[in-house]
Amino acid sequence: MIANRYNEILNFVEPYLLGNPKVFDNYSLNVFGKEFNSDSLMSCLSTKNYEFFKLVHKLDSLTFGHQGMGMDKWVFFDCSAMPAGIFGFAIPRKLVPDKLLRIFEVPDDYQGLVPITMYMAIPTSDRGRWFGHNLSSLSKFLDQDVRGIGLLTKAFACQVFQIEWCYGATQWGSPALEIHTQLSDMKLKASYLPAHTHQNSLCYVSDYSLENLERALNGERRVNEDYDFLIESADLVAQKDLQEKIEAGSEFSICARPIHRDEKIFYPIKKLS
Ligand SMILES: CC(C)(COP(=O)(O)OP(=O)(O)OC[C@H]1O[C@@H](n2cnc3c(N)ncnc32)[C@H](O)[C@@H]1OP(=O)(O)O)[C@@H](O)C(=O)NCCC(=O)NCCS
């Protein structure tokens, strides 16, 4: 059971998968009562889907390009579409505002679906765990009220790909942390990551069991007053200090949604051991 606001979104969006059709057989194609249309299961090997592939690639440039993390097409193909597939929600062209059609450079004669969100993850060799490496949403460009579509995209994708435990990396202060913490606690594998494009990145692992996903989509903000301390999004010193403790063997998790106070963002941290 998911809250009505998410069902309302599901009423007008189409889930899509773009990738190696061979792997689609391993996935769940009926999630939260919504089934994939056969037209929305697209092979990345077929030239007839190239226009859609280009739009999904453009979606990545629009959301990650300005952060210096946009992907080349070969990364898209070799490291996402072929190994696991790209999941997201799309809408018919007639529902896409003109401004977005222009930004997207949708060709005049293109009448197919237009992707508005995507999630990418690849399986790792660690106990069936995955690594999620892209979550994008163009919600702000749409005329409809789709608040929650980013959260719905990640939750839906976890069910499609049958992900239970998943790693990820993101930056302190990213709006994506609203989504990750709504879904589950984030056990910190690293709180400071100079090996990443942005050193203020954290690396985490989370439990995306169906129970956690359904709780995340119940319409209520996930809060937890029982935290040990707060980390502020811009406090690199505290993030490095926490990293030292992690490397010395202590374990911590971000245990609820961020707290917004005086235009600053604070993350509730629980010491696990
Ligand atoms: C991050 C991103 C995917 C969020 O997509 P979205 O469609 O706006 O997210 P949702 O509407 O599902 O938001 C989920 C919740 O987070 C909140 N939220 C979203 N952006 C927020 C922000 N900037 N500040 C505070 N809260 C925010 C929403 O209000 C919603 O809260 P609710 O559940 O209490 O209603 C989108 O902004 C994006 O594509 N960013 C660029 C790419 C990126 O950085 N991706 C993350 C990589 S880890």
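For the stretch 236-273, taking the residues that are part of a loop (DSSP other than H, G, I, E, B) and free of Cβ contacts under 8 Å to residues at least 60 places away in the same chain, the one that is nearest to the ligand (Cβ to nearest atom) is identified as 263. The single condition among (1) exposed (fewer than 13 other Cβ atoms within 10 Å of the Cβ); (2) part of a helix (DSSP H, G or I) that residue 219 does not satisfy is (2). Criterion first (within 15 Å of the ligand (Cβ to nearest atom) and either free of Cβ contacts under 8 Å to residues at least 60 places away in the same chain or touching a Leu at 6+ places or on another chain (Cβ under 8 Å) (or both)) does residue 199 satisfy it? Judged against the criteria, residue 199 is not a match.
Here is a yes/no grid of residues against (1) in contact (Cβ under 8 Å) with a residue 40 or more places away in the chain; (2) in contact with an Asp or Glu (Cβ under 8 Å, 6 or more places away or on another chain); (3) small (Gly, Ala, Ser):
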position: 21; (1), (2), (3): no, no, no
position: 30; (1), (2), (3): no, no, no
position: 37; (1), (2), (3): no, yes, no
position: 45; (1), (2), (3): no, no, no
position: 50; (1), (2), (3): no, no, no
position: 58; (1), (2), (3): yes, yes, no
position: 85; (1), (2), (3): yes, no, yes
position: 89; (1), (2), (3): yes, yes, no
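Restricting the search to the stretch 38-69, which residues are aromatic (Phe, Trp, Tyr) and within 13 Å of the ligand (Cβ to nearest atom)? 64 - this is the single residue of the stretch 38-69 that is aromatic (Phe, Trp, Tyr) and within 13 Å of the ligand (Cβ to nearest atom). Considering only the stretch 113-128, state which residues are surrounded by fewer than 16 Cβ atoms within 10 Å (Cβ to Cβ) and more than 19 Å from residue 78 (Cα to Cα). Hits for the stretch 113-128 are 126, 127, 128. Among the numbered conditions (1) surrounded by 13 or more Cβ atoms within 10 Å (Cβ to Cβ); (2) over 29 Å from residue 148 (Cβ atoms), the only one that residue 249 does not meet is (1).
Only the coordinates and a few stated rules stand behind these numbers; no lab work does. The structure presented is a predicted model; accordingly, all values stated were derived computationally and were not measured. Ideal geometry is used to build each Cβ from the backbone, glycine not excepted, and the neighbour counts take in all protein chains shown.
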